[in-house]
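Visitor: For reference, the structure I am asking about is given below.
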Ligand SMILES: Nc1nc2c(ncn2[C@@H]2O[C@H](COP(=O)(O)OP(=O)(O)OP(=O)(O)O)[C@@H](O)[C@H]2O)c(=O)[nH]1
Ligand SMILES: [Mg+2]
Ligand SMILES: [Zn+2]
């Protein structure tokens, strides 16, 4: 018997493509964000709110993942920015190759912002790097404040947690402080913004976060291309 | 349930490695899975068995090492295992500690055997 050391990651191939995408995003100053949540937490709603707040001519595009339908892309296309649906046909997450393929005919130098809505799932998308600058996890108040402890990986890997549907707080037993505490247990540095995509609360704070990230991404761009 | 796809990548990687060592076959592959990853070891084991049975890799053992979350103290340099999300340094009590490891998802090693040297696991002769 002989033992051969295998010094590599299991998702090697995905990570390689993701690293390549990340380098291209940085080169072009494109801020790429990967939105992850359980089905129905409000990813598409948040993107709709965000797109509707952006001025016409803003260089933004959206890739939205779904197992079956084109519904989310149809909702998002109404705002006049380029949107593509990625239909995974059964797969519970997006992977870097799908992103690479769907970006093939979108010149990145024309994009300042790329939003990726992952397939609704709090588990699987966490394993797949898409080359994004940051993962953003959405949690809605109807899901229970224990979710960060039950699904620690995605809260650990996300830079920002958006607590959505705060308009429902009067009607559901959800302890905001406990949710925040749980998220910080898993990821002490996680940033948290509370919003209601329905009523509009907190969206300003989210848009400020977005703008700061955008500036930071531009500063990463090599001076020669800027 | 993304473990099926992952199991498939593992088997592919094993095939690639085995091809580099002619005259041998794989008996065991080991993985290191950090507790901060979203990979479910049981689901992975199950997928691995389903996908390897009745193939050239039937009988291949899967060893999984779960790697705990470890932090390093920024004050005193102590490295420690984080239990129950408690990130306080056990040596000096500081709360300024940084994530060190626990999100890995990597191969450890592959065990190979020469054809004819062992009765277990040998499936084909080639
Ligand atoms: N009350 C309330 N409902 C909301 C809010 N945000 C979204 N919803 C509703 O929640 C439902 C799901 O929202 P989506 O935006 O489709 O959620 P999603 O995360 O994109 O869902 P999938 O793509 O299927 O995973 C819709 O009926 C929304 O109208 C909110 O802030 N408050
Ligand atoms: Mg959606
Ligand atoms: Zn210390």
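The values are calculated or read from the model by the stated rules, or taken from the named source; none is laboratory data. What you are looking at is a predicted structure, and each value in this text was computed from that prediction instead of being measured. Methodologically, a virtual Cβ is constructed for each residue, glycine included, from the backbone with ideal geometry; neighbour enumeration extends over all protein chains shown.
Visitor: Report yes if residue A:47 is surrounded by 15 or more Cβ atoms within 10 Å (Cβ to Cβ) and not in a helix (DSSP H, G or I), otherwise no.
Guide: No.
This table checks each residue for (1) crowded, with 22+ Cβ neighbours inside 10 Å; (2) touching a residue at least 60 places away in the same chain (Cβ under 8 Å); (3) away from every other protein chain (no Cβ under 13 Å).
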site: A:114; (1), (2), (3): yes, yes, yes
site: A:118; (1), (2), (3): yes, yes, no
site: A:157; (1), (2), (3): yes, no, no
site: A:167; (1), (2), (3): no, no, yes
site: A:190; (1), (2), (3): no, no, no
site: A:194; (1), (2), (3): no, no, yes
site: A:197; (1), (2), (3): yes, yes, yes
site: A:204; (1), (2), (3): no, no, yes
site: A:213; (1), (2), (3): no, yes, yes
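Table: residues versus (1) modelled with pLDDT of 95 or more; (2) under 18 Å from residue A:127 (Cβ atoms); (3) within 16 Å of ligand 1 (Cβ to nearest atom); (4) surrounded by 14 or more Cβ atoms within 10 Å (Cβ to Cβ).
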site	(1), (2), (3), (4)
B:33	yes, yes, no, yes
B:52	yes, no, no, yes
B:70	yes, no, no, yes
B:77	yes, no, no, no
B:82	yes, no, no, yes
B:110	yes, no, no, yes
B:124	no, no, no, no
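Visitor: Report every pair of residues separated by at least 6 positions or lying on different chains whose Cβ atoms are under 7 Å apart, first residue within segment A:31-44 and more than 14 Å from every other protein chain (Cβ to nearest Cβ) and within 16 Å of ligand 3 (Cβ to nearest atom), second part of a helix (DSSP H, G or I) and at pLDDT 95 or above.
Guide: From residues that are more than 14 Å from every other protein chain (Cβ to nearest Cβ) and within 16 Å of ligand 3 (Cβ to nearest atom), there are no pairs.
Visitor: Something else now. List, please: which pairs have Cβ atoms under 8 Å, are six or more places apart or on different chains, and start with a residue in segment B:31-58 that is more than 14 Å from chain A (Cβ to nearest Cβ) and end with one that is assigned to a loop (DSSP other than H, G, I, E, B)?
Guide: Final answer for the pair search is B:52/B:58; B:52/B:59; B:52/B:60; B:56/B:123; B:56/B:124; B:58/B:123.
Visitor: Considering each of B:98, B:78, B:53 in turn, give the residue that is more than 25 Å from the chain's Cα centre (by Cα) and more than 16 Å from ligand 2 (Cβ to nearest atom).
Guide: Being more than 25 Å from the chain's Cα centre (by Cα) and more than 16 Å from ligand 2 (Cβ to nearest atom) holds for just one of B:98, B:78, B:53, which is B:78.
Visitor: Next question. When the residues of segment B:67-85 are filtered to those that are within 12 Å of chain A (Cβ to nearest Cβ) and in a loop (DSSP other than H, G, I, E, B), which remaining residue is nearest to ligand 3 (Cβ to nearest atom)?
Guide: Among those residues, the one meeting the criterion is B:82.
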